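Step one of this worksheet: look at the structure below.
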Amino acid sequence: MGTDGVDDQAQPSSRVSGTEQSGGSARESGCQSNEHAAQSERTLPQEDGTVQVIEAGCKPTSTPALETDTAESHGGGFVPPEGGFGWLVVLAATWCNGSIFGIQNSFGILHMMLVREHADPEDKTSQFKVAWVGALAMGMIFFCSPVVSMFTDHFGCRKTAVSGAILAFIGLLSTSFANSLSLRYFTYGILFGCGSSFAFQPSLVILGHYFRQRLGLANGVVTAGASLFSMGLPVLLTKAVEPLGLSRTFQILSLFMFVQALLALTFKPLLPAGPCMGSTGLAKSHIQAGATPQSGSWWQKALVGIRKYFNLRVFHILTYRVWAFGVATAVLGYFVPYVHLINFVKEQFKETKKEWVLLVCIGASSGVGRLTFGKVGDLIPGLKKIYMQVASFIALGLMSIMIPQCSLFEELVVVCVFLGLCDGCFLTMMAPIAFELVGPMQASQAIGYLLGLMSLPMTAGPPIAGLLHDYFGNYMVAFSAAGVPPMIGGVVLFFVPLIHQRQKRGQTTAPEETTAHMLPNAQPTPKSCSNGDMLPGYIDAVTHI
């Protein structure tokens, strides 16, 4: 059919729906009658779980290339091994998550060492300048997420993860030889941050190649194991590595990335070759079938190419936009305690020598929170899960405000335990909420875009807190200001389920627009698109499911 971009020489598919007549092998040159035209668009389920679109009552036709790519893009018939070599992959993913975020969560110790090395008595903005080192690295991990999704789709998990780990290794190793703070912005903030992003995301994707029934268990093992790194690295840095000096510290940390590059070689993909995430799969199908525009200006063709790789349909969903805005607002103060907490303890509790205990408490309680709130979230239906994020953000803001109010070190320990629990709850609920808002077919790119949006405020938070410290001479205003954005973000997220319920009521009471179904070229209205209805690669002029 011309509108589907299917070759006119193609024969009908051998996998015929039960609604087709037995003589369906004969070709049909066009749509039959008005009765068929009234059913302008239908979907036929196939045996491999894919969906075929019929427009204006025409019988489905397909090409072998289209059938093969569709099956590949959905992974039809694939059964993961549920263990075996997959547990070695889990070990590698655990090392990847633990080493990357263990280093990031322990940056408070590195921050203190950097301040001592680059301190200038006449410079009143030293905290502001040093904070950019860790903030850039954390920001780049999230900022690169949408691009990493595309690289993972096209080059595979193993190549992407190995190259990312090597880049992170080079970044940490070169940081040990850097003498200026501006050079460390590049080596640690950019190189290590980008490399960590390319190594981290494939470690999550590869688990789906080896587990389906036990995927929750595999994710739990990775999460719990990664928390052990966040607990152990502060002790290692304080007791063993810090006395060796800053250069040796970065050299030892680079060994974690070198080991990760070796372990990433185990990320052998089992799913069929070809893109299996985002908009690439179906878009590639249409291009192979001849749906690429043959005419038009160069910028129109470029736009089609961009839409092929970046599915922006998730931003057409109002509840997703509100959720993404609320989370991006909240994380403006999220990373501030990880960077400035150790230096605050040095100023506030000068007699203590156990400031590393606070980072251990945050890491341990975060691991407990991820496991506990993950189980609790499974018991809460639908978008009501988002109220857990609301509570975690509000509590995280309150704990940040409480940090400068603590007069005893033991009180600060209690605050850090609650900070870790809030951290675990927030991170655990991200993926389930994304699935509820946009559906499973678009959840991967929805999370990728969300992480990209989080990168800018997360990068800006610690330097702003350092600037406030330099201006006021203490952390009272810095930590108090860092607690405000999470509370605002929590209030914004509170309205997401209410907006969703209002949209559902509007859809059920709205009259059916049968005229739009009678016109093959009619554009779908935003009101008819509820959360999770659209497939990735959805093109208005081609299909409407």
Fully extended contour minus Cα-Cα distance, from GLU82 to LYS268, at 0.36 nm per residue: 65.5 nm
ARG116 versus VAL414: modelled label distance in nm, points set 7 Å from Cα along the beta carbon direction: 3.2 nm
Residues in region 473-487 reached by a label modelled at THR125 [backbone nitrogen below 17 Å; 7 Å Cα→Cβ]: 473
Peptide ranges 255-263, 130-138, 498-506 listed from the most packed, as the mean C-beta count within 10 angstrom indicates: 130-138, 255-263, 498-506
Between region 105-159 and region 342-415, the alpha-carbon center distance in angstrom: 22 Å
Heavy-atom accessible area per residue - region 320-474, 1.4 Å, Å²: 38 Å²
Equivalent ellipsoid dimensions for region 398-496 as semi-axes, Å, which come from the Cα gyration tensor, largest first: 30, 17, 11
Gain on full stretching of the segment that runs from LYS354 to LYS384 - 0.36 nm per residue minus C-alpha separation: 6.8 nm
Stretch gain in nm, segment ALA224-VAL491, where the contour uses 0.36 nm per residue and the Cα spacing is subtracted: 93.1 nm
P(r) of region 127-218 over all Cα-Cα pairs, binned every 5 Å from zero, in whole percent: 3, 16, 21, 19, 15, 11, 8, 4, 2, 1, 0
Projected label distance in nm at PHE258 and GLN405, using a 7 Å step from Cα toward the beta-carbon: 4.8 nm
Approximate spin-label separation ASN179-LEU303, in nm, with each point projected 7 Å along Cα-to-Cβ: 5.3 nm
Entries in LYS239/LYS350; LYS354/LYS385; LYS124/LYS350 that, when Cα-Cα distance is taken, lie over 25 Å: LYS354/LYS385
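The values are calculated or read from the model by the stated rules, or taken from the named source; none is laboratory data. These figures come from a predicted structure and were not determined experimentally. Cβ atoms come from the backbone with ideal geometry, glycine included; neighbour counts cover every protein chain shown. For accessibility, only protein heavy atoms count, side chains too; no ligands or nucleic acids. Shrake-Rupley method; radii C 1.70, N 1.55, O 1.52, S 1.80 Å.
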